[in-house]
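Engineer: Below is a structure I'd like to ask you about.
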Amino acid sequence: MLKFIKMKTKEKIVLSLTIIIFLSCVIIGCKKKENNYWPQGLSGKFVFSTLDNYTWDAAVYFIDENGIKKVFTDFWEINVNWSQDGSKALINTYNRTSFIIMNADGKVSKQIEGHDPVFSSDGTKIAFIYNMIGGPWDSVRTINVDGSSLLFLNIIPGSLSHLVEWSPDGTSIAFYKLTGDLEPDSIGIVNTNSSILLTKGYNPRWSPDGLKLYYLIGNELNQASAIESITISDHSVQKLADLPENIHLLSKWSLDKSKIAFESISSIIPSIPTLYVMKMDGSGSTKLYDIDSLSWDFPCWSLDGSKIAVRNKKGITVINADGSNAINLPIAQYIDLNVNENIYSFDWH
């Protein structure tokens, strides 16, 4: 400060201008980087995994408007999911016999032996499959998100079971089973009292009142051909809609169960994967967006149901539910994905 006071007026002006220019460059530069990094109009946060199809190296990242962070690395395929409130993430890797509960800051909270974990609707519990050695069944267990109160729920006869969703009242869990050839086979529910196979189908979702399951009917080519519902009390089945030919296996309901989003790929060359939405009664099928590659993952709805996010080869695209205003998040530019690496799984909160 004393040196500055003793400086001549001209030197003071030059130094002050230099400082102002420097700070302006820093501020402008930071803003420019932030704007290039996170598209305007995009909100929320994503968790996603990457997979190198040559080395099978995998990683998990968190990304939002504040930056991108690598939080986990492993080998083989990794599925990721946010809790309902976005405070926890489930990291389920096929290379391990356990899954990870991770805090939103990227710190590992717990590692639990088991696989196919799903959050309860209130985010306080996790259900998962535990394979008993030598046993011809899948054991379903629950645990609190803090790792406490590990409980045995029930068993599902046979193996290759996949948990999908808790019922609205938190008492039962919908699941589907695969055949030995990994084809969709049947859906069911499991709770403390019983484990029931209901009908043929896959990807079951509860109705908002918890009285029915909506599900997809598939064929031997691992494709969905129809949406049906089954009433839990009397097992009565109702076909809601036939789906377009060549629909892809993976689909997801909106949070209010009023619509389904799915990817369809035509057998006509060139076959371009396309994102569609449809009302639950089968009406209002609407083409939204052409995707540069088949996602192999669920489209993700925003919490208010107004937008849908879909994975592409090197990034994530967010689209309004009416198909307008596509916003691209070019993740490959931020983490330098090589030619063999793609985004494998993602979730949006």
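Engineer: Hey, among D105, D85, which residue is of a type in the set (D, E), surrounded by fewer than 15 Cβ atoms within 10 Å (Cβ to Cβ) and over 15 Å from the mean Cα position of the chain (by Cα)?
Structural biologist: So the residue among D105, D85 that is of a type in the set (D, E), surrounded by fewer than 15 Cβ atoms within 10 Å (Cβ to Cβ) and over 15 Å from the mean Cα position of the chain (by Cα) is D105.
Engineer: Next up: If a residue has to be at pLDDT 80 or above, buried (at least 16 other Cβ atoms within 10 Å of the Cβ) and not charged (D, E, K, R) to count, how many in region 309-326 make the cut? Reasoning before the result, please.
Structural biologist: Filtering region 309-326 for residues at pLDDT 80 or above gives 309-311, 315-326.
Now drop any that are not buried (at least 16 other Cβ atoms within 10 Å of the Cβ), which leaves 309-311, 315-319, 321.
Keeping just the survivors that are not charged (D, E, K, R) gives 309-310, 315-319, 321.
So the answer is 8.
Engineer: Can you name the residue in region 198-220 that is touching a residue at least 24 places away in the same chain (Cβ under 8 Å) and hydrophobic (A, V, I, L, M, F, W, C) and is also surrounded by the fewest Cβ atoms within 10 Å (Cβ to Cβ) among such residues? Show your work before the answer.
Structural biologist: Narrowing region 198-220 to residues touching a residue at least 24 places away in the same chain (Cβ under 8 Å): 198-199, 201-210, 213-216, 218, 220.
After this cut, where a residue has to be hydrophobic (A, V, I, L, M, F, W, C) as well, the list is 198, 206, 213, 216.
Numbers: L198: 19, W206: 24, L213: 26, L216: 25.
Filtering first and then ranking leaves L198.
Engineer: What's the number of the only condition in (1) touching a residue at least 24 places away in the same chain (Cβ under 8 Å); (2) under 21 Å from S302 (Cα atoms) that N66 fails to meet?
Structural biologist: The failed condition is (1).
Engineer: Now for a separate question. Criterion first (among the small types (G, A, S), buried (at least 19 other Cβ atoms within 10 Å of the Cβ) and on the phi < 0 side of the Ramachandran plot) does S172 satisfy it?
Structural biologist: Taking the combined requirement at face value, the residue satisfies it.
Engineer: Residues of region 221-240 being modelled with pLDDT of 90 or more, surrounded by fewer than 18 Cβ atoms within 10 Å (Cβ to Cβ) and in a loop (DSSP other than H, G, I, E, B), which ones?
Structural biologist: S233, D234, H235, S236 - these are the residues of region 221-240 that are modelled with pLDDT of 90 or more, surrounded by fewer than 18 Cβ atoms within 10 Å (Cβ to Cβ) and in a loop (DSSP other than H, G, I, E, B).
Engineer: Please state which one of K12, K33 is outside any strand (DSSP E or B), modelled with pLDDT under 90 and under 25 Å from V339 (Cα atoms). Write out each step before concluding.
Structural biologist: Values: K12 fails: under 25 Å from V339 (Cα atoms).
Of K12, K33, the one residue that is outside any strand (DSSP E or B), modelled with pLDDT under 90 and under 25 Å from V339 (Cα atoms) is K33.
Engineer: If you go through region 41-71, how many residues are among the hydrophobic types (A, V, I, L, M, F, W, C) and at positive phi?
Structural biologist: Total meeting the criteria: 1.
Engineer: Which residues, taken from region 135-169, are modelled with pLDDT of 90 or more, surrounded by fewer than 18 Cβ atoms within 10 Å (Cβ to Cβ), among the aliphatic types (A, V, I, L, M) and out of contact with any Lys or Arg (no Cβ under 9 Å at 6 or more places or on another chain)?
Structural biologist: Correct list: empty.
Engineer: Taking S87, is it at pLDDT below 90 and more than 30 Å from V339 (Cβ to Cβ)?
Structural biologist: Here the answer is no, as S87 does not meet what is asked.
Engineer: Return the pairs, sorted by first residue and then second, in which the second residue is β-branched (V, I, T) and assigned to a loop (DSSP other than H, G, I, E, B), the first residue lies in region 328-349 and is in contact (Cβ under 8 Å) with a residue 40 or more places away in the chain, the beta carbons are less than 7 Å apart, and the residues are 6+ apart or on different chains.
Structural biologist: I343/I331
Engineer: Count, please, the residues in region 298-310 that happen to be more than 10 Å from the chain's Cα centre (by Cα) and not in a loop (DSSP other than H, G, I, E, B).
Structural biologist: Qualifying residue count for the region: 2.
The values are calculated or read from the model by the stated rules, or taken from the named source; none is laboratory data. Quick caveat: nothing in here was measured; it's all calculated off a predicted structure. So basically every Cβ, Gly included, is an ideal-geometry build from the backbone, and we count neighbours across all protein chains shown.
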